[in-house]
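Note sheet for the following structure.
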Amino acid sequence: MYPIQLKRLPGNEDVPLPRQMSEWAAGFDVHAAVDKAVVLEPGARALIPTGFAMAMPRELEAQVRPRSGLAYKHGITCLNSPGTIDADYRGEVKVLLVNLGQEPFAIERGERIAQIVFQRVPQVILEEVEELSDTSRGEGGFGHTGK
Ligand SMILES: O=c1ccn([C@H]2C[C@H](O)[C@@H](COP(=O)(O)OP(=O)(O)OP(=O)(O)O)O2)c(=O)[nH]1
Ligand SMILES: [Mg+2]
C-alpha cells in the first residue's frame, strides 16, 4: 500500500476528491472543478481543473485516463491519453478533454470526467553506447512481421 496525499484546493469543498466507484476498481474517478458548465463543441478541447493536488512516493506515476462511458456515449476522451502526472508535480491535477463526438457536450461542476490509475515506474539509468546488442528482430518494425 502506497500512501498518496491529496490536497483539496481552496474553493472546492463541494467537489469530491478522487474515489473508486467499486471495491477493486483500478481507477479513481476525478471530478470537474469548473466554476460553471463548460460546453465542448465537436472537435474542441479544454483543460478541466479537478480541484485537488497530490503528492505520491517517488516510485509512482499517476495516469489520467478516459472514462469509457463518456467515450462511448459522447465521444469525450482525454486528448493526451494517458496523461502523465509526475511524482514531483504539486500543481492542480487537470484533465485535457476533447470532444470527438458529433454533438456539443456540457461538462458540469462535480461531474466525473476521467480516472487516475497509479503505476510503479522503474528507476533507470540511461547510458550512451557505440553498439547495441544483436537480436533476431534487429531493425525490423512497423509491421515487418506481417499484417
Ligand atoms: O493529463 C495531465 C497531464 C499532465 N498534468 C500535469 C502533471 C504533470 O506532472 C505535468 C506535466 O505533464 P507532461 O510532462 O505530460 O507535460 P509537458 O508538456 O512535458 O510539461 P512539463 O514541461 O511541465 O513537464 O502536468 C496533468 O495535470 N494532467
Ligand atoms: Mg514533461
- prompt: Arranged by the count of other C-beta atoms within 10 angstrom, fewest first, what order do 73, 36 take?
  reply: 36, 73
message: Starting from 0.36 nm per residue, how many nanometres of slack lie between residue 80 and residue 137 once their C-alpha separation is accounted for?
response: 17.5 nm
message: Please list, in order along the stretch 29-35, the HN-Hα scalar couplings obtained from phi with the Karplus expression 6.51 cos²θ - 1.76 cosθ + 1.60 (θ = phi - 60°), rounded to whole Hz, x for Gly and Pro.
response: 5, 10, 10, 6, 10, 6, 5
- prompt: From the square roots a ≥ b ≥ c of the eigenvalues of the alpha-carbon gyration tensor of the stretch 45-147, which class results: rounded (a/c under 1.5), prolate (a/b over b/c), or oblate?
  reply: oblate
- prompt: For the stretch 102-114, what does the Karplus curve 6.51 cos²θ - 1.76 cosθ + 1.60, with θ = phi - 60°, yield as ³J(HN,Hα) per residue in whole Hz, taken in order and with x for Gly and Pro?
  reply: 9, 10, x, 10, 8, 9, 8, 4, x, 6, 7, 10, 6
message: 5 Å is the cut-off here: which amide hydrogens, built 1.01 Å from N in the peptide plane, fall below it relative to residue 107, excluding neighbours closer than 5 in sequence?
response: 38, 39, 40
- request: Give the longest segment of the chain that steers clear of GluC sites (Glu not before Pro) in DSSP loops with at most 10 neighbouring Cβ atoms within 10 Å, not counting the sites themselves.
  value: 24-126
- line: Listed with the fewest Cβ neighbours within 10 Å leading, 121, 15 appear as 121, 15
query: Under the Karplus relation 6.51 cos²θ - 1.76 cosθ + 1.60, θ = phi - 60°, what is the ordered set of whole-Hz ³J(HN,Hα) values for the stretch 119-132, x standing for Gly and Pro?
result: 9, 7, 10, x, 7, 10, 10, 8, 10, 7, 10, 8, 10, 9
- request: Could you pull out which residues in the stretch 105-136 have an amide N less than 14 Å from a spot 7 Å beyond the Cα of residue 35, following the Cα-Cβ vector?
  value: 109
- line: Note to self: C-alpha centroids of the stretch 34-85 and the stretch 97-147 sit apart, in Å, by 16 Å
query: For the stretch 1-39, list residues with backbone N below 18 Å from a point placed 7 Å from the Cα of residue 71 toward its Cβ?
result: 21, 25-31
field: Stokes-Einstein translational diffusion, the stretch 93-147 - Kirkwood Rh over all Cα pairs, 0.890 mPa s, 25 °C, in µm²/s
entry: 138 µm²/s
query: Going by how many other beta carbons lie within 10 Å of each one, how would you line up 136, 68, fewest first?
result: 136, 68
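Bear in mind these aren't lab numbers, they're just calculated from the coordinates by the rules spelled out. Predicted, not measured: the structure shown is a model, and the values here were computed from it. Heads up, the Cβs are rebuilt from the backbone with ideal geometry, glycines too, and the neighbour counts pull from every protein chain shown.
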